[in-house]
Amino acid sequence: MHLLRRLLRAPGFTSVTLITLALGIGANTAIFSVVEGILLKPLPFREPDRLVGVWHTSAKMNLKKFNASPATYLTYREQGSVFEDIGLWTGGSVGVTKLSQPEQVPCLYVTDGTLPLLGVQPERGRFFTKEEAVSGGPRTTVLAWGYWQRRFAGSPSAIGKHIVADGEDYEIVGILPRNFRFMEQKADLVLPLQFNRAKIVVGNFSYQAVARLKPGVTLQQANADVARLIPLSLHSFPPPPGFSIKVFEDAKLGPNVTWLKDDLVGEIRDVLWILLGTLAAVLLIACANVANLLLVRAEGRQHELAIRMALGAGRGSIARELLSESMLLGLMGGVPGLGVAFLAIRMLVAIGPDSLPRLGEISIDLPVLLFTLVVSLTAGLLFGLLPVFRYAGSRLGEGLRESGRALSHSRSRIRARNVLVVFQVALAVVLLVSSGLMIRTFTALRGVNPGFTKPAEILTMRVAVPEGDVKEPARAFRMDNDMLEKISRIPGVSAAGMTSSLTMDGNHSGDVLFAEDHPVTEGVLPAVRNFKFASPGYFSSMGIGLVAGRDMTWTDLYNFRPVAVISENLAREYWRSPSAALGKRIREGSKSEWREVIGVVADERDEGVEKPAPKTIYWPMMMKNFWNNETFLRRDMALAIRSSRTGSATLPEQVRQAVWAVSPNSPVAEVRTMDELYRKSMARTSFTLVMLSIAGAMALLLGLVGIYGVIAYTVAQRRREIGIRMALGARQQAVSALFMRHGLALAAVGVAFGLAAAAGLTRLMSSLLFGVGAVDLTTYSLVAAGLTAAVLVASYIPARRAASVDPMETLRSE
């Protein structure tokens with residue numbers, strides 16, 4: 001208790017110390033809670049360390065990770081030796097009608113064994129049977145707990161009732177547990193994947209696979225078994241029309257079985273570890289600041305400590321007291337640090353990108369509390385060791401001899417404080433360079449043309465004419481045309497169009513492409529390209545520039561003219577220039593109808609502005625003889641509406657009414673602007689930028705406080721010397737310059753060490769950068785200049801105080 005009373009008798013010192021520690025410990029606790037919730041906490045399934053994702057590679061196509069197919073799924077399930085079971089899944093959405101207003105809800109398609117292999121038990125009812133996973137089998141569905149509560153008020157009688165999804169009747173057979181989440185899929189309905197084994201062909205790698213390893217099986221054994229099974233899957237099913245098995249053999253397919261948690265976490269792992277390391281550096285700066293304060297405090301007690309040692313107190317006793325005080329300060333700083341962490345976690349969850357998985361599992365739980373305890377004690381130990389070494393080891397009587405007023409201040413004490421300040425400045429430089437690189441990255445991303453213009457003026461939503469209501473493709477297509485006409489007549493709407501996939505919405509898909517004047521070599525698999533289906537008017541509504549040729553017209557589509565539009569990068573790859581691509585013919589299958597390229601449009605950055613624009617083909621949304629369909633119609637489409645009223649609350653409702661005036665059962669979903677999609681594509685960069693900027697700002701503030709403290713303390717210790725200098729004729733400017741040079745020298749050494757450290761450490765964040773290198777001279781120069789200027793400002797106040805010393809008053813006090 002006497003340690004606590006001693007700290008309370010110095011409220012200024014204690015308050016500053018606790019605030020400094022609370023910020024450092026709280027920031028680290030907050031980021032650790034995110035790391036623990038996302039990276040360290042086990043998945044919420046039975047024995048999650050045996051769950052894996054089953055992916056594939058292709059050495060020939062330079063693909064390191066691509067999906068599974070029905071053929072590989074059946075082969076691995078029936079002939080594999082390492083999996084207890086394996087399941088396929090994919091996300092999607094369906095239009096639910098006849099419950100209330102039509103709505104488009106997210107859904108999860110799974111094979112019959114997927115939910116059981118996760119170890120999930122239904123809240124009510126049951127999951128799918130093998131009979132329900134066969135084409136033509138009973139149509140059943142399992143409801144998410146939230147959807148069950150929302151649409152059926154949680155009534156047990158919902159089991160056995162029927163709902164209409166995409167025009168088909170489904171029986172409700174089960175309810176998912178309340179907290180069920182799978183791979184961040186936000187699904188209201190779970191539907192069975194139904195395959196017709198007689199129609200399965202090699203290929204169709206369109207599904208993700210999850211499996212449970214048998215007990216004792218390693219990841220290496222799983223990959224070896226999948227490698228054994230891949231050739232079997234190629235010869236167990238026929239090739240798709242127009243292909244041979246040799247094409248797939250030459251693709252050199254390989255296994256890539258990974259832990260399921262790694263699939264879930266993805267690229268965010270590197271971001272979180274970098275942020276944790278960054279805030280650990282902030283804590284070290286805070287510890288250096290507190291160590292400086294403790295040095296001053298211990299120096300003020302040196303006379304007392306020397307007397308105690310003269311009276312027989314051992315050095316170990318003195319060291320324990322000093323260390324106990326610092327450890328107590330660490331623990332006391334950890335308590336408000338938890339409050340800081342709680343607020344920071346709420347902020348992180350609010351600003352965190354949608355791509356940040358497991359946000360709902362981030363909390364201050366027992367591991368986080370233990371981490372805070374360890375960090376608090378470690379911090380107390382770190383900043384407490386320096387005064388222990390400096391004063392607990394003093395020679396007996398040194399404190400008594402140095403306590404006289406006339407003695408000059410020890411150079412070793414100044415040196416210790418200077419070293420701490422240099423350390424702080426160096427760490428601040430590293431953090432400021434990191435945040436500067438992210439600012440440069442963000443600026444570079446903002447300068448990239450995403451492929452569309454004025455995204456804030458584009459309203460988007462998804463809509464579909466249910467096949468159960470309108471089976472004839474031509475009639476459904478005319479209804480889509482009627483919708484667009486009605487939407488175009490809404491006041492303020494300047495253009496409207498439809499597409500299967502908006503830029504950056506994640507719904508794009510691909511397939512192989514054949515070009516008439518680029519014959520495919522025997523045994524070589526054609527390149528996979530990005531496929532989109534569009535209506536006339538889509539490009540103008542999105543602001544996608546027409547580079548050459550023309551857009552599709554409604555006459556083209558109604559008359560089934562074999563036409564297509566391609567992206568500029570695809571035109572340059574095949575024909576070197578957009579104009580040369582006009583009139584060329586392409587198709588999606590080796591036996592399909594050739595379609596003439598009538599237009600070339602600007603590239604769309606479908607996967608985000610930080611990734612290259614994929615080479616894209618825009619097919620008409622209705623065609624003859626496409627993908628083995630006599631009449632092909634893409635029903636699930638996204639509306640792109642350009643309007644000066646996009647920000648108004650009334651426009652979306654007017655669009656809904658226009659859609660329902662044509663098709664009363666068409667659900668309207670995912671209402672958002674293109675600006676939202678654009679900002680979402682940069683969410684990870686924005687999140688990292690905000691966090692690194694906060695860390696950099698904290699580091700800069702703490703570093704400047706350290707500089708100010710050292711210069712101010714030096715001025716206080718050298719008042720007698722300053723008085724003598726000024727009595728002998730020294731000018732005020734010369735005295736101020738003396739202390740400003742001291743601060744500048746500390747900054748120069750710290751900046752030099754910091755730049756050298758940054759050159760090595762920032763390479764770890766290379767994967768986060770865009771348009772700028774890890775060693776960017778502009779960023780490094782600006783940080784060095786800016787920090788030096790800030791140090792001069794921090795040094796100016798105590799330096800000016802030194803120049804205001806009255807020499808006569810100082811000499812009289814002596």
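The values are calculated or read from the model by the stated rules, or taken from the named source; none is laboratory data. Since the structure is predicted, the reported quantities are computational estimates derived from the model, not experimental observations. Here the Cβ positions follow ideal geometry from the backbone for every residue, glycine too, while neighbour counts run over all protein chains shown. These accessible areas exclude ligands, DNA and RNA; they are computed on the full protein's heavy atoms, side chains included. Shrake-Rupley method; radii C 1.70, N 1.55, O 1.52, S 1.80 Å.
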Q.
Give me Rg/Rg_expected for the chain, where Rg uses Cα atoms only and Rg_expected = 2.2 N^0.38 Å with N residues.
A. 1.22
Q: Report the label-to-label distance for residue 553 and residue 631 in nanometres (one decimal), using points 7 Å from each Cα along the Cα→Cβ vector.
A: 2.3 nm
Q.
Once R0 is set to 60 Å, what does the formula 1/(1 + (r/R0)^6) return for the Cβ-Cβ distance between residue 134 and residue 381, expressed as a FRET efficiency to the nearest 0.05?
A. 0.40
Q: Would you work out what percent of the accessible area of segment 495-652, with all protein chains in place, is carbon or sulfur (probe 1.4 Å)?
A: 48 percent
(Q) Once R0 is set to 30 Å, what does the formula 1/(1 + (r/R0)^6) return for the Cβ-Cβ distance between residue 767 and residue 186, expressed as a FRET efficiency to the nearest 0.05? (A) 0.65
Q | FRET efficiency estimate (nearest 0.05) - Cβ-Cβ, residue 757 to residue 793, R0 25 angstrom | A | 0.55
(Q) If I model a spin label at residue 246 and residue 580 as a point 7 Å from the Cα along the Cα→Cβ vector, what separation in nanometres do I get? (A) 3.1 nm
(Q) How many angstrom lie between the Cα centre of segment 620-639 and the Cα centre of segment 1-59? (A) 52 Å
Q: Rank by packing, highest mean first: peptides 356-368, 213-225, 457-469, 421-433, with packing defined as the count of other Cβ atoms within 10 Å averaged across residues.
A: 421-433, 457-469, 356-368, 213-225
(Q) Taking the Cα centroid of segment 449-479 and of segment 109-163, what is the distance between the two, rounded to the nearest whole Å? (A) 30 Å
Q) Expressed in nm to one decimal, what extension gain is obtained for the pair residue 488 and residue 4 from 0.36 nm per residue of sequence separation less their Cα-Cα distance? A) 166.9 nm
Q.
Checking the table 64/214; 246/471; 65/214; 41/680 against a 29 Å threshold on Cα-Cα, which pairs fail?
A. 246/471
Q | Within the accessible area of segment 420-463 (1.4 Å probe), percent carbon and sulfur | A | 63 percent
**Q.** Sequence ranges 610-621, 166-177, ranked by mean other-Cβ count within 10 angstrom, highest first
**A.** 610-621, 166-177
Q) Roughly how many Å² is the accessible area per residue of segment 56-106, as a whole number, for a 1.4 Å probe? A) 41 Å²
Q. Could you give me the ³J(HN,Hα) list for segment 137-144, computed from phi with Karplus coefficients 6.51, -1.76, 1.60 and θ = phi - 60°, whole Hz, x at Gly and Pro?
A. x, x, 8, 10, 8, 10, 8, 5
Q. In what sequence, largest accessible area first, do 159, 274 appear using a 1.4 Å probe?
A. 159, 274
Q: Give the residues of segment 659-694 whose amide nitrogen is closer than 12 Å to a point set 7 Å from the Cα of residue 103 in the direction of its Cβ.
A: 668-670
**Q.** Centre separation in Å (Cα based) which lies between segment 359-378 and segment 181-254
**A.** 40 Å
Q) Order of 786-793, 542-549 by packing, highest average Cβ count within 10 Å first? A) 542-549, 786-793
(Q) Using the Karplus curve 6.51 cos²θ - 1.76 cosθ + 1.60 with θ = phi - 60°, what ³J(HN,Hα) values do you get for each residue of segment 775-791, in whole Hz, with x for Gly and Pro? (A) 10, 9, 4, 4, 4, 4, 5, 5, 5, 4, 5, x, 5, 4, 4, 5, 5
Q. Using 7 Å Cα-to-Cβ label points, what is the residue 741/residue 49 separation (nm, one decimal)?
A. 6.3 nm
Q) Where Lys and Arg each count +1 and Asp and Glu each count -1, what net charge lies around residue 275 among other residues with Cβ under 15 Å from its Cβ? A) -1
Q: Tell me which residues come under 5 Å, amide H to amide H, from residue 511 once H is placed; ignore anything under 5 positions away on its chain.
A: 529, 531
Q) Can you give the accessible area of residue 607, probe radius 1.4 Å, in Å² rounded to 10? A) 90 Å²
Q) Counting only protein chains, not ligands or nucleic acids, how are 200, 351 ordered by accessible area (probe 1.4 Å), most first? A) 351, 200
Q. Roughly how many Å² of residue 273 are accessible to a 1.4 Å probe, to the nearest 10?
A. 120 Å²
Q) Given the protein chains as shown and a 1.4 Å probe, how many square angstrom of residue 494 are accessible, to the nearest 10? A) 90 Å²
